[in-house]
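Comments concern the structure below.
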Amino acid sequence: MFARFVKFFYCFFVFLAICSCIPAFSQSAAENKNVYGRIDSAFEQASPDELSKILAEYSASKSYATYESYALKKVRLLVIQNQLDLASQMDLAIIDNNLENYEAVDLYSYIDRAMTQEKNRLAAEEAQRKAEEERRRQLAEKAKAQVENRNNYQAVSTADGKSVYISADQQSFSQFLWTASLGIADFMFQKASEPDYSSLKYGLSGGFKAFHVTDDFVLGGELYAGGQFLTMGKGENEILASARLVPELAFANFNKNLFLRLGFASAILASGKREETGSVKTFLTPAVGLGFDNILLGKSTFAFHADYYPGHLAYKDVNFAMEGGASVLIPLSMNDKIKIGIELGVSDMLFIKDSGIDNRAKGSLGIGVGNVYK
């Protein structure tokens, strides 16, 4: 009987305890719902100040840790949505209310690194965008200039078969360079020793040069012939003539105006008398030398050469032979393709013999014609 009484009172007290907890539980649930709603509203309004106010208001609540956890969950959702700036401000509001929330501190550090990386990425994309805009602007300006000036350009072919465009001012571009000359007043002064002899003679001459220009080399040559047949003043009535055919080669990558010369030359003496003047008779020889050609001095064209004549080795009375000369074409009239003018030239042919020398110095005045180039 007593045992039943004790059991009854035990059940009664348990019932009272349960009933007393129901109001408190209901009150806590209502509070949580209210706080969660306010936190949601703060995030919807993107207001870190409002979130900080809510957390400060419930900082003494037994459910504060739950509210912080809920707010951190909302911050993580912002990170997933790549709203890093807002996520950083909201997380900072949580930290301001609780510096010991290490989870919030770690999340803030992660967000800060992510924001830095995002800024760097955006800066790189912006720089790339500006560079692309500048490239397109330059291409557009170049295309516009080409369209505006296309009537001033013409196509020419290079050595490798490609086409390039040159302006009207550059129509002098040519792969083939040439000059022709006619010496209408060639004066030669000859001086020989053993015996002592000198003479001044007048004559005519003609020459032609042509060169083919490529990116790697310049190949061409010189053809010349001249004769002095009229003796002026003292001296024998001899005819002194000379001729040469000399191919030339220049390497454009080194110097397009410096040529190697290798060809054939001759000096001819014709006389009806047998008197000894110390002149070298007919002389045939290879020619080896260096030359400078196609050199522009303003609008004038300058050329120079020096040749060694190894043919002297075949003549027992000639120990050494050479010839050198220079010329300049001064244009008097020219257009985009052709120039015509006066050509002035000097040359000297020297023979060193067993006894004395035979030196033939010459100056010439002539008419020169050539194409225009740059």
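Please tell me if LEU344 is without any contact (Cβ under 8 Å) to a residue 12 or more places away in the chain and out of contact with any Phe, Trp or Tyr (no Cβ under 8 Å at 6 or more places or on another chain). So LEU344 does not fit the description; no. Take the residues in the range 175-191 that are in contact with a Ser or Thr (Cβ under 6 Å, 6 or more places away or on another chain) and more than 15 Å from ILE367 (Cβ to Cβ); name whichever of them is surrounded by the most Cβ atoms within 10 Å (Cβ to Cβ). Ranking the qualifying residues of the range 175-191, first place goes to GLN190.
The selection criterion, being under 18 Å from LEU182 (Cα atoms), under 42 Å from the mean Cα position of the chain (by Cα) and at pLDDT 90 or above, holds for LEU344. Each residue in the range 290-307 was checked for being free of Cβ contacts under 8 Å to residues at least 40 places away in the same chain and either among the charged types (D, E, K, R) or closer than 25 Å to ALA321 by Cα (or both), and 5 pass. Residues in the range 297-309 that are among the hydroxyl-bearing types (Ser, Thr, Tyr) and surrounded by 20 or more Cβ atoms within 10 Å (Cβ to Cβ): THR301, TYR309. Taken over the range 254-268, residues that are surrounded by 17 or more Cβ atoms within 10 Å (Cβ to Cβ) and aliphatic (A, V, I, L, M) amount to 2.
Among the helices (runs of 4 or more DSSP H) confined to the range 56-151, the ones with at least 2 residues that are open to solvent by 70 Å² or more (accessible area, probe 1.4 Å), over 22 Å from ALA42 (Cβ atoms) and at pLDDT 85 or above are located at 102-149.
For every residue, the table says whether it meets (1) more than 39 Å from the chain's Cα centre (by Cα); (2) assigned to a loop (DSSP other than H, G, I, E, B).
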{"position": "GLY278", "(1), (2)": "yes, yes"}
{"position": "LEU290", "(1), (2)": "no, no"}
{"position": "HIS305", "(1), (2)": "no, no"}
{"position": "LYS316", "(1), (2)": "yes, yes"}
{"position": "MET322", "(1), (2)": "yes, no"}
{"position": "GLY325", "(1), (2)": "no, no"}
{"position": "LEU332", "(1), (2)": "no, no"}
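Filter the range 277-296 down to the residues that are of a type in the set (S, T, N, Q) and buried (at least 16 other Cβ atoms within 10 Å of the Cβ), then identify the one that is farthest from VAL213 (Cα to Cα). In this case the residue turns out to be THR277.
The values are calculated or read from the model by the stated rules, or taken from the named source; none is laboratory data. Values in this document were obtained by computation on a predicted structure and should not be read as measured data. Cβ atoms come from the backbone with ideal geometry, glycine included; neighbour counts cover every protein chain shown. Heads up: the accessible areas ignore ligands, DNA and RNA and are worked out on the full protein's heavy atoms, side chains in. Shrake-Rupley method; radii C 1.70, N 1.55, O 1.52, S 1.80 Å.
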